[in-house]
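Before any comments, here is the structure.
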Amino acid sequence: MDETTSYPPIEPSNFDLIVVGTGLPEAILAAAASAAGKSVLHLDPNPSYGSHYASLPLQEFTSYIESHSSQSSSNLPIPQSDMDSGFTRVPLTTQPLYSSVEITSYSSEPLEQSRKFNIDLSGPRVFLCADAMIDLILKSEVNQYMEFKSVDGSFISDGEGNLESVPDSRSAIFKDRKLSFTEKNQLMRFFKLVQGHLEAATAADGGESSESKSISEQDLESPFVEFLSKMGLSPKLKSIVLYAIAMAEYDQENGDVCKSVLKTKDGIDRLALYHSSVGRFPNAPGAMIYPIYGQGELPQAFCRRAAVKGCIYVLRMPVNSLLMDKASGSYKGVCLASEQELFSHKLILAPSFVVQLPLPHSSPDAHDFGLRNTTEKLARSICISKHSLKLDVANCLAFFPPRSLFPEQVTAIHVLQLSSNVAVCPSGMFLTYLSAICEDDVQGKKLLHAAINVLFHVPVSGSPGNNNFAEDQSETGDAKPALFWSVLYTQELAKFQDVVDNIIRTPMPDGSPYYHNLLGATEKIFQELYSGEEFFPKSTSSEEGAAQELED
């Protein structure tokens with residue numbers, strides 16, 4: 001018996017908002033709408049929360065990306081007119097969002113412990129302690145459903161196969177043995193200049209005078225890399241600031257290949273966010289934290305918050321079609337797999353879903369509704385090993401700046417290593433995520449394979465069931481951890497679809513290790529949906545008390 005037919009009818013049948021998919025943007029929008037007093041129905045065809053932002057056991061993870069890969073795409077059905085009602089049923093189908101999936105196993109041990117993994121579909125990703133997402137977590141009180149641990153530190157490739165610590169604070173600069181005395185002075189003077197500019201800007205906003213000197217408007221509008229050169233920073237220091245702190249994605253020194261030039265004003269803002277994150281919480285001395293049990297806890301926490309505010313949740317319930325008014329062609333509701341028809345004023349769709357035909361009132365570029373992708377893709381990889389990338393470091397970020405692996409490398413590669421102390425893998429194992437913006441599958445695989453070969457000892461050949469492989473990496477004489485299991489794949493970078501006829505399609509996870517871009521876009525969509533409504537009204541409990549709980 002189909003489990004969808006076993007559900008009793010959903011009551012009521014009319015809602016202000018229906019949301020399909022429980023990914024992070026959908027979960028935040030559902031929680032925000034519920035907090036604003038809207039009636040919300042939240043559906044998901046999957047058996048668990050999170051969609052493309054979920055954390056899954058190893059075998060479920062591989063099954064998920066394979067089931068959403070280009071190999072599983074199918075022909076779209078034709079819209080059907082319901083003779084007994086005033087609606088046309090427009091089929092809602094899924095589109096492939098992953099491609100070129102490549103799985104390699106050198107040991108059967110990870111698969112044997114599949115249930116002990118919580119693998120992020122959106123990794124590598126962490127929280128900056130002063131990021132807007134943390135502020136929202138505190139404001140909305142979803143922190144009561146989550147726990148966090150501090151990320152131990154961050155590292156950057158020196159271009160010769162070594163990972164060096166990122167000197168991201170005054171104390172770190174003084175302790176760094178890889179920096180020359182001159183470089184330490186350069187970096188200290190630069191950070192002091194940035195601090196003075198921020199103090200002057202704060203004073204000006206408050207109508208006060210300041211002795212600190214502001215950076216000129218001309219410099220603020222110039223490329224950040226040019227400003228860093230003007231400040232006398234060495235190539236090594238420029239790389240650290242640009243790619244490990246300011247998180248530039250493209251080669252900023254090559255204008256021919258750089259598709260996103262970072263301006264000085266934006267670079268300064270990113271430095272300010274990073275430095276204000278350092279030491280914000282008592283038990284997190286660094287700038288970054290990570291949620292125990294994985295990033296999939298975040299959308300689930302917002303879903304729980306939405307449920308508290310009255311949102312109705314139904315998992316394992318596919319939506320077969322949209323109900324469009326025959327006369328006006330406007331959206332009216334959805335038809336479930338159980339054949340029940342439900343109605344709402346507005347609809348939010350997860351990025352997997354696509355409507356076959358252009359809607360009568362859609363914009364000219366909205367054919368195959370929701371397919372507003374960028375030309376870039378995101379290459380991702382997950383690697384499992386039994387040893388850390390850095391001795392005595394459990395959880396850390398690492399960066400490969402452009403041209404640090406090979407001359408044609410035009411984008412930075414982000415790396416996140418996690419250990420069992422954040423409950424994402426079995427004890428004694430390490431989970432490492434890699435990602436890079438790319439043009440196509442071939443370029444993406446080349447980028448990630450180059451980084452993997454630098455980070456890990458990869459056997460020439462391997463086969464599942466080889467449990468004796470690299471049990472003790474010291475026996476190989478290789479300081480690099482041995483690779484046990486890996487997956488490489490390419491993800492589409494579908495962005496938010498503009499509001500069209502009261503329907504919105506949410507984005508896929510972006511290439512940033514942080515959440516501020518995604519959250520900003522999500523809040524903007526909420527304001528377009530419900531103009532004038534407050535995005536998560538502040539609760540009566542104190543934010544200070546919530547902040548203390550965040551790291552307890």
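Points worth noting:
- Region 208-262: trypsin sites (Lys or Arg not before Pro) falling in loop per DSSP and having at most 11 other Cβ within 10 Å: LYS213
- Take region 283-355 with all the other protein chains still there, run a 1.4 Å probe, and you get 31 Å² of accessible area per residue.
- At full extension, VAL257 and SER420 could sit 54.8 nm farther apart than now, given 0.36 nm per residue minus the alpha carbon distance.
- Protein accessible area in region 266-317, 1.4 Å probe - carbon and sulfur %: 47 percent
- Burial ranking of peptide ranges 388-396, 441-449 (average Cβ count within 10 Å, highest at the top): 441-449, 388-396
- GluC sites (Glu not before Pro) lying in DSSP loop within region 211-312, provided at most 14 other Cβ fall within 10 Å: GLU211
- Set of lysines near LYS390 by C-alpha distance (under 22 Å), chain-local residues within fewer than 8 positions excluded: LYS149, LYS175, LYS178, LYS236, LYS480
- Cβ charges +1 (Lys, Arg) and -1 (Asp, Glu), total dipole of region 78-173, debye: 260 debye
- R0 of 45 Å, Cβ-Cβ distance VAL314-ASN453: FRET efficiency to nearest 0.05: 0.45
- Going by accessible surface with a 1.4 Å probe and the largest first, VAL454, VAL460 read VAL460, VAL454.
The values are calculated or read from the model by the stated rules, or taken from the named source; none is laboratory data. Since this is a predicted model, take the numbers as computed values, not measurements. Virtual Cβ from ideal backbone geometry, glycine too; neighbours counted across all protein chains shown. Ligands, DNA and RNA are stripped out before the accessible areas are found, and what is left, the full protein with its side chains, is counted by its heavy atoms. Shrake-Rupley method; radii C 1.70, N 1.55, O 1.52, S 1.80 Å.
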